[in-house]
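For reference, the structure is listed below as structure tokens.
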Ligand code: NIG
């Protein structure tokens, strides 16, 4: 079954050979992109859809969320906007609520948030465990996540839960907990920050994951400078996420590495942090991704469009750079070649904006600009 999408006013395929004079067309064949180019050259297909001069992008690749959770932290957020600083201690509140929830409740909440993201153009989404922090609860979160999302990360090393010591908990994370989740996850992550895990602990967690064939990710340099970036780069992690407080050495290390700097601008905003140095990273040659960090504590939004707007308005990126970071950058952070672009052979994940150009994403922040979404060649209800 092929679909010819015509009347595209602006097309971002992330293909170096992208034609410059529109209108453009894209042909989907089953779940793949089969053709892109000028509309007047387009082959015919089984069905045709005219998008009326709107802009078309690859679907967002949201490479950092924490969506297996229960409970609500609205009160914590209200205290924060009244002046209380964000600390990671609220994680335990979500851990308690998540442990008390049924499997069905967790799965239903996860599906609801993933559908909310998809309606806004997110077609590939990673999510993490990390609100269970027992062997059984982490294994349950990993299993539920694997049934719903594209990519699953084990974040047992999110926080040392109450009632144990960091040393004993790390033994559990790197041993029985890792054994229990390994079949459901592709990635292992660790929160490397003052008050969570130090650089040695983070390196140990990544090494334990690597020994089980898991790729590495690090939460690092979120609330202050620290060893997160250095540990991630040394371990060959796929990404270091947050990357808000960076030294010049951190920027140089990222630029000379295969580790993606995944920036979470909505989280920086919602936790009163300065914007991550997006411009500095891009200028230095680092690969940058933008992700939502959707979670109930530090950043409860699934809006990748907001992240793009903030990366432009506060982070100093151009609109094309920010769009690339939220699509191809996310794919690189997940080490995937099939998403984040619209080159022939890509998964047919398309985002039609209710705007003539992607510039509107930054020019009209907060306005819902998704007109239509295809994921793997199927129309997503919007
Ligand atoms: O990425 N940094 C650690 N974890 C999450 C916050 C989770 C929470 O506050 O519940 C984050 O911001």
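Some observations on this one:
- When restricted to residues that are in contact with a helix residue (DSSP H, G or I) (Cβ under 7 Å, 6 or more places away or on another chain) and assigned to a strand (DSSP E or B), segment 146-163 contains 4.
- Close pairs (7 angstrom Cβ cut-off, 6 or more residues apart or separate chains): assigned by TED's automatic domain parsing to the domain that holds residue 208 and under 22 Å from residue 207 (Cβ atoms) in segment 127-156, at pLDDT below 95 and part of a loop (DSSP other than H, G, I, E, B) anywhere: 133/161
- Restricting segment 338-368 to residues that are surrounded by 21 or more Cβ atoms within 10 Å (Cβ to Cβ) and in contact with a helix residue (DSSP H, G or I) (Cβ under 6 Å, 6 or more places away or on another chain), the residue that is farthest from residue 33 (Cα to Cα) is 361.
Yes/no matrix, rows are residues, columns are (1) closer than 26 Å to residue 352 by Cα; (2) within 18 Å of the chain's Cα centre (by Cα):
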position: 55; (1), (2): yes, no
position: 62; (1), (2): yes, yes
position: 65; (1), (2): yes, yes
position: 76; (1), (2): no, no
position: 88; (1), (2): no, no
position: 98; (1), (2): no, no
position: 116; (1), (2): yes, yes
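- Selection status of residue 345, part of a loop (DSSP other than H, G, I, E, B), closer than 24 Å to residue 22 by Cα, touching a residue at least 60 places away in the same chain (Cβ under 8 Å) and under 19 Å from the mean Cα position of the chain (by Cα): no
- Residue 302 vs. criteria at pLDDT 95 or above, in the same structural domain as residue 157 (by TED's automatic domain parsing) and assigned to a loop (DSSP other than H, G, I, E, B): yes
- Just one of the listed residues (261, 291, 305) is within 16 Å of the ligand (Cβ to nearest atom), under 20 Å from residue 373 (Cα atoms) and touching a strand residue (DSSP E or B) at 6+ places or on another chain (Cβ under 9 Å), namely 291.
- Output for segment 81-99, where each listed residue is within 29 Å of residue 185 (Cβ to Cβ) and in a helix (DSSP H, G or I): 88, 89, 90, 91, 92, 93, 94, 95, 96, 97, 98, 99
- Of the residues making up segment 23-37, those that are under 19 Å from residue 378 (Cα atoms) and touching a strand residue (DSSP E or B) at 6+ places or on another chain (Cβ under 7 Å) are 25, 26, 27, 28, 29, 31, 32, 33, 34, 35, 36.
- Of all residues in segment 360-382, those being in contact with a strand residue (DSSP E or B) (Cβ under 9 Å, 6 or more places away or on another chain), under 23 Å from residue 312 (Cα atoms) and in a loop (DSSP other than H, G, I, E, B) number 1.
- Among the numbered conditions (1) buried (at least 19 other Cβ atoms within 10 Å of the Cβ); (2) under 23 Å from residue 126 (Cβ atoms), the only one that residue 211 does not meet is (1).
Yes/no per residue for (1) in a loop (DSSP other than H, G, I, E, B); (2) surrounded by 15 or more Cβ atoms within 10 Å (Cβ to Cβ); (3) within 16 Å of the ligand (Cβ to nearest atom):
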| position | (1), (2), (3) |
| --- | --- |
| 4 | no, yes, no |
| 7 | no, yes, no |
| 35 | no, yes, no |
| 40 | no, no, no |
| 72 | yes, no, yes |
| 76 | no, yes, yes |
| 79 | no, no, yes |
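- Test: residue in segment 13-22 that is touching a strand residue (DSSP E or B) at 6+ places or on another chain (Cβ under 6 Å) and surrounded by 15 or more Cβ atoms within 10 Å (Cβ to Cβ): yes
- Residue pairs whose Cβ atoms lie under 6 Å apart, sitting 6 or more positions apart in sequence or on different chains, and linking a residue in segment 259-282 that is farther than 23 Å from residue 189 by Cα to a partner that is part of a strand (DSSP E or B) and modelled with pLDDT of 95 or more, are 282/288.
- Restricting 297, 272 to those that are in a loop (DSSP other than H, G, I, E, B), within 16 Å of the ligand (Cβ to nearest atom) and at positive phi reduces the list to 272.
- Residue pairs meeting the criteria (Cβ under 7 Å; at least 6 apart or on separate chains; first over 22 Å from residue 196 (Cα atoms) and outside the structural domain of residue 299 (by TED's automatic domain parsing), in segment 80-104; second more than 9 Å from the ligand (Cβ to nearest atom) and at pLDDT 95 or above): none
The values are calculated or read from the model by the stated rules, or taken from the named source; none is laboratory data. Remember, it's a predicted structure, so these values are computed and weren't measured experimentally. So basically every Cβ, Gly included, is an ideal-geometry build from the backbone, and we count neighbours across all protein chains shown.
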